[in-house]
Amino acid sequence: MKELSLNVLDIAKNSVKAKATLIGISLVEEGNKLTLTITDNGSGMKPEVVATVMNPFYTTRTTRKVGMGIPLLILAAEQTGGSVTIESRHEEDHPADHGTVVTAVFYTDHIDFTPIGDIVSSIETLIMGSPEIDFTFLHDRNGQTAELDTRQIREVLGDVPLDTFEVIQWIGQFLREQYGSADETV
C-alpha cells in the first residue's frame with residue numbers, strides 16, 4: 001500500500017467484521033519512531049489464528065483467496081527496521097475481556113518508510129461505513145496532538161447519526177484544524 005492510512009483502514013475494517021463496538025487508532029511519533037496501534041473489543045482470535053493472519057495466503061474473505069492487510073503492514077514496518085505484533089484474546093476464552101491489539105513500529109528516517117497519507121479521510125471513511133461503532137483517534141506528533149472520540153460526539157448529537165453528511169464534514173474539518181489547516185491533506 002502506498003500510504004499507512006490505507007493499512008489503518010484495512011485493519012480497522014477487520015475489527016468491524018469482528019463485531020467490535022469500540023476501535024482505537026493511535027499514531028505516536030517520537031523522534032524518528034512512529035508507533036501505530038489499532039485496538040478493538042471485537043471477538044478476538046485464538047492463538048492459532050493469530051499465527052496464520054501474518055500469512056498472505058490466509059483470509060476469512062470469500063471474495064478472494066489471499067489476505068494482504070497484515071502481511072503488507074508487516075512488510076512496511078520491517079522495511080524500515082521496525083516490527084509488528086498482534087495480541088488477541090478470543091471471546092470464548094475471555095468472555096469479559098476480549099479483542100485484538102495490532103502494534104506496528106516504523107522508523108520514519110528510513111528510505112523505505114511509507115508515508116502516513118490522508119489519515120483524516122481514512123477516519124472519515126471508517127465512521128461513514130460503520131456509524132454504529134465508536135472510534136477513538138489520537139495522533140501525537142512529538143507533543144502536538146490531533147484527536148477524536150465519537151462517544152463525545154454522540155453525547156452532543158443525541159439521535160443524529162454519525163454518518164450524516166454534515167457530521168462527517170464537521171469531523172474532517174475538526175481533525176484537519178488540529179493538524180494546522182482546514183484545507184491541508186494530512
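The values are calculated or read from the model by the stated rules, or taken from the named source; none is laboratory data. Only a predicted model underlies this, so the values are computations on that prediction, with no experimental measurement involved. Because the Cβ atoms are built from the backbone with ideal geometry, glycine has one as well, and the counts that use them run over all protein chains shown. For accessibility, only protein heavy atoms count, side chains too; no ligands or nucleic acids. Shrake-Rupley method; radii C 1.70, N 1.55, O 1.52, S 1.80 Å.
Within the bounds of segment 36-45, is there any residue that is polar (S, T, N, Q), at pLDDT 95 or above and under 12 Å from V102 (Cβ atoms)? The answer is yes; a qualifying residue exists. Just one of (1) closer than 16 Å to S26 by Cβ; (2) at pLDDT 95 or above; (3) assigned to a loop (DSSP other than H, G, I, E, B); (4) not acidic (D, E) fails for L138. It is (3). Counting the residues of segment 84-108 that are out of contact with any strand residue (DSSP E or B) (no Cβ under 9 Å at 6 or more places or on another chain) and not aliphatic (A, V, I, L, M) gives 5. Among the residues making up segment 115-135, those that are open to solvent by less than 40 Å² (accessible area, probe 1.4 Å), part of a helix (DSSP H, G or I) and among the aliphatic types (A, V, I, L, M) are I119, V120, I123, L126, I127.
State the number of residues belonging to segment 141-170 that are in a helix (DSSP H, G or I), polar (S, T, N, Q) and surrounded by fewer than 13 Cβ atoms within 10 Å (Cβ to Cβ). Result for segment 141-170: 2. Number of residues in segment 32-57 that are open to solvent by less than 60 Å² (accessible area, probe 1.4 Å) and either touching a strand residue (DSSP E or B) at 6+ places or on another chain (Cβ under 6 Å) or on the phi > 0 side of the Ramachandran plot (or both): the value is 12. Residues that are under 19 Å from V28 (Cα atoms), of a type in the set (G, A, S) and open to solvent by 30 Å² or more (accessible area, probe 1.4 Å) within segment 77-113 comprise G81, S83, listed in sequence order. If you check I74, I25 for being aliphatic (A, V, I, L, M), surrounded by 16 or more Cβ atoms within 10 Å (Cβ to Cβ) and modelled with pLDDT of 95 or more, only one passes: I25.
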